[in-house]
1. Small (Gly, Ala, Ser), open to solvent by less than 90 Å² (accessible area, probe 1.4 Å) and touching a strand residue (DSSP E or B) at 6+ places or on another chain (Cβ under 6 Å): which single residue out of ALA64, ALA53, ALA90 fits that description?
2. For segment 24-49, how many residues are surrounded by 15 or more Cβ atoms within 10 Å (Cβ to Cβ) and either among the acidic types (Asp, Glu) or without any contact (Cβ under 8 Å) to a residue 60 or more places away in the chain (or both)?
3. Could we say that LEU103 is surrounded by 14 or more Cβ atoms within 10 Å (Cβ to Cβ) and either of a type in the set (Val, Ile, Thr) or within 24 Å of ASP30 (Cα to Cα) (or both) here?
4. I'm told ASN68 meets every condition in (1) more than 16 Å from the chain's Cα centre (by Cα); (2) modelled with pLDDT under 95; (3) not hydroxyl-bearing (Ser, Thr, Tyr) except one. Can you identify the failing condition by its number?
Amino acid sequence: MDEEHWLTAEQLAAWKKLVAVVALAPGVLDAQLQRDADLTHFEYFTLAMLSEAQDRTLRMTALASRTNATLSRLSHVVSRLEDRGYVRRAPCPSDRRATNATLTEDGWSKVVATAPGHVDTVRTRVLAALDERDVADLDRVMTRVLSRLDPEGRFLSGG
């Protein structure tokens, strides 16, 4: 087979490490959030995206885009968060065909209470292994990769 169809040894080594990080990180984040906050990482991420939005409200379609979820998956998660009093859904005032999700005061309190443990896990399990230059390099490299995987820039807007 032509050489250009194979990764170089350096590319393969880097790729395997990236795949390992992508495979291991969700379990580490989920375990901490489940233990400390009774939330999955996706539930916490959903709450966090609402907490950063104007008026802590987003259309469900915008929230699905920001969380990279299908509307079906997001709807199930938001239903669970609604049952716990963290989110409220209502028709969008400017477009009655659309539905808005709003972070409630209890939801905001949950984000505020949960964030320190989550941040600590991210720091100790990922960022503590890096110096300032490594963090800058990671940001630069991930920006370049994301620009190819996410040409619409949905995930770069918060950077």
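1. On the way: ALA64 fails: touching a strand residue (DSSP E or B) at 6+ places or on another chain (Cβ under 6 Å); ALA53 fails: touching a strand residue (DSSP E or B) at 6+ places or on another chain (Cβ under 6 Å).
Every option except ALA90 fails the conditions.
2. Of the residues in segment 24-49, 9 are surrounded by 15 or more Cβ atoms within 10 Å (Cβ to Cβ) and either among the acidic types (Asp, Glu) or without any contact (Cβ under 8 Å) to a residue 60 or more places away in the chain (or both).
3. Values: surrounded by 14 or more Cβ atoms within 10 Å (Cβ to Cβ): yes; either of a type in the set (Val, Ile, Thr) or within 24 Å of ASP30 (Cα to Cα) (or both): yes.
Yes: the conditions hold for LEU103.
4. The single condition ASN68 does not satisfy is (1).
Listed here are the residues, each with its yes/no results for (1) at pLDDT 95 or above; (2) closer than 23 Å to SER65 by Cα; (3) among the hydrophobic types (A, V, I, L, M, F, W, C); (4) in contact with a strand residue (DSSP E or B) (Cβ under 7 Å, 6 or more places away or on another chain).
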{"residue": "GLU3", "(1), (2), (3), (4)": "no, no, no, no"}
{"residue": "TRP6", "(1), (2), (3), (4)": "no, no, yes, no"}
{"residue": "TRP15", "(1), (2), (3), (4)": "yes, no, yes, no"}
{"residue": "GLN34", "(1), (2), (3), (4)": "yes, no, no, no"}
{"residue": "PHE42", "(1), (2), (3), (4)": "yes, yes, yes, no"}
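Every residue, every condition in (1) in a helix (DSSP H, G or I); (2) surrounded by 12 or more Cβ atoms within 10 Å (Cβ to Cβ), yes or no:
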position	(1), (2)
ARG96	no, no
TRP108	yes, yes
VAL122	yes, yes
ARG133	yes, no
ASP139	yes, no
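The values are calculated or read from the model by the stated rules, or taken from the named source; none is laboratory data. All values reported here derive from a predicted model rather than from experimental measurement. Backbone-built Cβ (ideal geometry, glycine too); neighbour counts: all protein chains shown. Areas reflect the complete protein model, heavy atoms only, side chains present, ligands, DNA and RNA absent. Shrake-Rupley method; radii C 1.70, N 1.55, O 1.52, S 1.80 Å.
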